[in-house]
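Notes to accompany the following structure.
None of the figures in this text is laboratory data; all of them are computed from the coordinates on show. If you're wondering where the values come from, they're calculated on a predicted model, not measured in any experiment. Here the Cβ positions follow ideal geometry from the backbone for every residue, glycine too, while neighbour counts run over all protein chains shown.
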Amino acid sequence: MSASLLEVENLKKIFPVTKGAILRRTVGRAHAVDDVSFTLRRGETLGLVGESGCGKSTLARCILRLIEPSSGTVVFRGEDLLGCTRGRLRMLRRYMQIVFQDPYGSLNPRMTVGELVAEPALFHGLVKGRRDAGQKAGEMLERVGLAPSYARRYPHEFSGGQRQRIGIARALASEPDLLILDEPISALDVSIQAQILNLLEDLQSQLGLTYLFIAHDLSLVRHLSHRVMVMYLGRVVETGDRDELFENPMHPYTQALLSAVPVVDPHKERRRNRIPLPGAVPSCVDPPDSCRFAPRCFKAQKVCSEQDPPLDPVAGSGHRAACLFAEPARLL
């Protein structure tokens with residue numbers, strides 16, 4: 001891994017909350033992504049985890065400007081994406097692609113697989129003419145473990161795992177540097193998940209790809225990622241190297257997430273220290289200026305409802321946590 005490929009700083013996305021069928025008025029603001037900063041190095045995989053609704057997918061779409069951020073900076077290959085013209089952004093999008101969660105809804109059913117896979121290469125001028133496009137599609141399908149002859153078929157003729165391979169092949173067709181994987185295996189069977197993960201690992205080693213890997217399953221994140229970033233209610237609450245974060249989680253929310261991951265050894269499973277979280281995730285509409293996790297936190301004290309802890313380095317560890325009382329917890 002070498003120099004930074006992607007630098008995100010103080011990124012925010014705030015959606016207005018409106019009310020009224022005819023005379024609509026703004027009654028609040030939903031902080032979907034709130035002051036997120038991180039760096040992604042070339043050849044690295046950054047795992048992004050958190051509960052549903054915490055802002056993971058919104059963050060991914062803001063990085064690609066599929067959704068326009070409210071503020072912040074996104075620097076990709078040394079260029080500020082939020083300051084780019086549409087023409088320049090269109091050129092840069094060749095080098096950053098996304099693989100969506102739903103392999104059934106992300107492929108146009110009216111196009112053949114060959115047309116779907118070759119479309120990015122044609123759009124960015126990497127191939128010219130039908131013959132070159134067909135050859136490119138065949139190469140990409142072969143790279144993801146599918147027969148080139150599948151190019152003549154339609155998406156409905158394939159299983160979920162095959163469709164996700166097609167989605168990956170389409171993303172690779174523009175020869176990108178960065179792949180954003182938005183829960184690419186959550187809709188697949190467990191055995192198929194392992195195949196897709198192995199494929200992603202092989203592609204990264206062969207092509208030098210950089211991944212932002214979004215997932216719910218912490219065991220999958222540990223298998224694929226070099227670093228891990230944990231989000232809660234629009235904010236990053238902990239980040240660090242994979243092994244260190246899994247072995248010594250510092251933030252109470254990360255500790256609670258890891259305590260819920262099943263362990264294969266039944267003896268260890270019985271001895272585990274479970275950390276249940278009371279209540280549900282609060283609304284991101286007009287959140288308080290204090291710690292957002294405090295209402296559910298087992299370590300919360302009075303000061304937690306008065307101060308908003310910054311994402312600072314934790315003494316004695318190699319990662320950062322947004323907690324005033326960050327310390328490791330013994331889960332086994």
- prompt: If the cut-off is 25 Å between C-alpha atoms, which lysines fall inside it for Lys268, apart from same-chain ones fewer than 8 positions away?
  reply: Lys299
message: Between the stretch 203-244 and the stretch 285-332, how far is it from one alpha carbon centroid to the other, in angstrom?
response: 21
- request: Could you work out how far helix 160-172 tilts from the main Cα principal axis of the chain, as a 0 to 90 degree angle to the nearest 10?
  value: 80
query: Shape of the stretch 90-162 from its Cα gyration tensor (a ≥ b ≥ c, root eigenvalues): rounded if a/c is under 1.5, otherwise prolate when a/b > b/c, or oblate?
result: oblate
Helix 113-123 vs. the chain, principal-axis angle (Cα, 0 to 90°, nearest 10): 80
message: Between Thr85 and Ala280, what is the label-point separation in nm under the 7 Å Cα-to-beta-carbon projection?
response: 4.8
message: Can you tell me, using C-alpha contacts under 8 Å and at least 6 residues apart, the relative contact order of the chain as a whole percent?
response: 19
message: Output the 0 to 90 degree angle, nearest 10, between the alpha-carbon long axis of helix 129-143 and the longest principal axis computed from the alpha carbons of the chain.
response: 50
- prompt: 222 nm [θ] for the chain, helices only, -39500 (n - 2.57) per DSSP H run of 4+, per residue, to 500?
  reply: -9000 deg cm²/dmol
query: Taking square-rooted eigenvalues a ≥ b ≥ c of the alpha carbon gyration tensor, is the chain rounded, prolate or oblate, where a/c under 1.5 means rounded and, failing that, a/b exceeding b/c means prolate?
result: prolate
task: Kindly put Leu209, Leu245 in sequence by how many other C-beta atoms sit within 10 Å of each C-beta, fewest to most.
output: Leu209, Leu245
query: Using mean Cβ contacts within 10 Å as the protection proxy, how do 177-185, 310-318 order, highest first?
result: 177-185, 310-318
- prompt: Using mean Cβ contacts within 10 Å as the protection proxy, how do 201-207, 274-280, 110-116 order, highest first?
  reply: 110-116, 201-207, 274-280
field: P(r), alpha carbons of the stretch 223-296 - 5 Å bins starting at zero, rounded %
entry: 3, 14, 22, 22, 18, 13, 6, 2, 1
- request: Beta carbons within 10 angstrom, averaged per residue: use that to sort the peptides 132-140, 101-109, highest first.
  value: 132-140, 101-109
statement: As straight-line cross-link partners of Lys136, the qualifying aspartates and glutamates (C-alpha separation under 20 Å, not fewer than 8 residues apart within one chain) are Glu115, Glu119, Glu175, Asp177, Asp202
statement: From fewest to most C-beta neighbours within 10 Å, the residues Arg25, Arg272, Arg235 line up as Arg25, Arg272, Arg235
query: Among Tyr95, Tyr211, which comes first, then next, by fewest other beta-carbon atoms within 10 Å?
result: Tyr95, Tyr211
